[in-house]
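Chemist: The structure is given below, and queries will be raised subsequently.
Please treat every number below as a calculation from the coordinates, not as lab data. Everything quoted here is computed from the prediction, not taken from an experiment.
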Amino acid sequence: MYRMSFGAILTAAFALGGTISANAGAESARMLVPHRAVYNLKLKEASERSGIEGMYGRMVYEFTGSACTGFTTNFRFVTKISTGEETRMTDQQTTTFENALAREFRFETKSFTDEQLDKEVRGEAVAGESGVKVEISQPEQRQVDLATSDFPTEHMLDVIENAKKGNRFFESRIFDGSENGDQSLMTTTVVGKEQAPAPGDADADKAGEFSKTPYWPVTISYFNEGTNGDATPVYSMSFKLYGNGITRDLTMDYGDFVLTGSLEKLEMLDKGPENCSEPR
């Protein structure tokens, strides 16, 4: 999953239906498989206000590690955007590390336009009983205190656990270090019933050994802090989710424009130690 200015789709996993213990969370985390997924991106629709006439690109999502060593995510999102008068290339590169057991999270994002660095954000966060403490080191040193939030892998586990239990709707607060690394977002997650790929299903053939494996259709909407009523999300994402954390057939709605992402290549990577007493 990542949001990193999506901005991602990719978790101490607790839901509205009940809290998952630390041991159960660690056990669930062992289901997540290290992998590298490549997605082809294309513009589905854009409003006149967006100023976008054409857009396409590629996204690479690499997820490695284990419940014992922590999880590292490398995420790259490259697009070419045509406004009709000019074409520009954007390139966002994000690396995060999450230790779900210690409830620690590190993040670094670099954003480029036409190969020129526009923005760099770096920091780390620790979740405690009273909330999340964020130490930002780039672009300037500062500290931010936020309400209790899930980190991305915690939230992914939360989605999977709710899907298995048949919980179709739940809410969470998430901190993923995106934008300026100084705010969390409220989310609503809708999980459909588990289903098997139908003939001609979008990019199922690219999922390799999982091409015929059942999945859940999931939609996550992100809202700014303090949003009330029937507010419009700042971003939403729909995808097909496997029980091991792999996703495909993405739709990313930024409000003024919508992108689709089809799985082009899936590569399974080596797993870390699953017994935390094993040498690392």
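Chemist: Per the helix-only calculation at 222 nm, which mean residue ellipticity applies to the chain, given -39500 (n - 2.57) for every DSSP H run of n ≥ 4 and division by its residues, nearest 500 deg cm²/dmol? Can you show the working numbers first?
Modeler: Details: 2 runs with 22 residues, N = 280.
The helix-only estimate for the chain comes to -2500 deg cm²/dmol at 222 nm.
Chemist: So, one more: Using only the Cα atoms of the range 192-266, each taken as one equal point scatterer with no solvent, compute I(q) by the Debye sum, divide by I(0), and report log10 of the ratio at q = 0.23 Å⁻¹.
Modeler: -1.02
Chemist: So what are the radius of gyration and Dmax for the Cα set of the range 136-175, in Å?
Modeler: Answer for the range 136-175, Rg first and Dmax second: 14.4, 44 Å.
Chemist: Return the Cα extents of the chain along principal axes one, two and three, sorted largest first, each rounded to a whole Å.
Modeler: Rounded to whole Å, the extents work out to 58, 52, 43 Å.
Chemist: While we're here: Calculate one ³J(HN,Hα) per residue across the range 171-178 by plugging θ = phi - 60° into the Karplus curve 6.51 cos²θ - 1.76 cosθ + 1.60, and present them in order as whole Hz with x for glycine and proline.
Modeler: Per residue, the Karplus-derived 3J(HN,Hα) values read 10, 8, 9, 10, 10, 10, x, 6 Hz.
Chemist: Please compute the alpha carbon radius of gyration of the range 65-161, then divide it by the globular-protein estimate 2.2 N^0.38 Å. Two decimals is fine.
Modeler: 1.30
Chemist: Report D for the range 126-248 in µm² per second (integer): Stokes-Einstein, Kirkwood Rh on Cα pairs, 37 °C, 0.692 mPa s. The partial results should precede the final answer.
Modeler: On the way: Rh = 16.1 Å.
The Stokes-Einstein estimate is 203 µm²/s.
Chemist: At a Cα cut-off below 22 Å, give the lysines reachable from Lys164, other chains included and same-chain residues fewer than 8 away excluded.
Modeler: Lys193, Lys212, Lys240
Chemist: With all pairs of different alpha carbon atoms counted, what Kirkwood hydrodynamic radius in Å does the range 112-197 show?
Modeler: 14.9
Chemist: Continuing with this model, one more query. For the range 130-265, what does the relative contact order come out to in percent, with C-alpha contacts under 8 Å and a separation of six or more?
Modeler: Dividing the mean separation by the residue count of the range 130-265 yields 16 percent.
Chemist: Continuing with the same structure: If I model the range 33-118 as equal point scatterers sitting on the Cα atoms and use the Debye formula, what is log10 I(q)/I(0) at q = 0.23 Å⁻¹?
Modeler: -1.08
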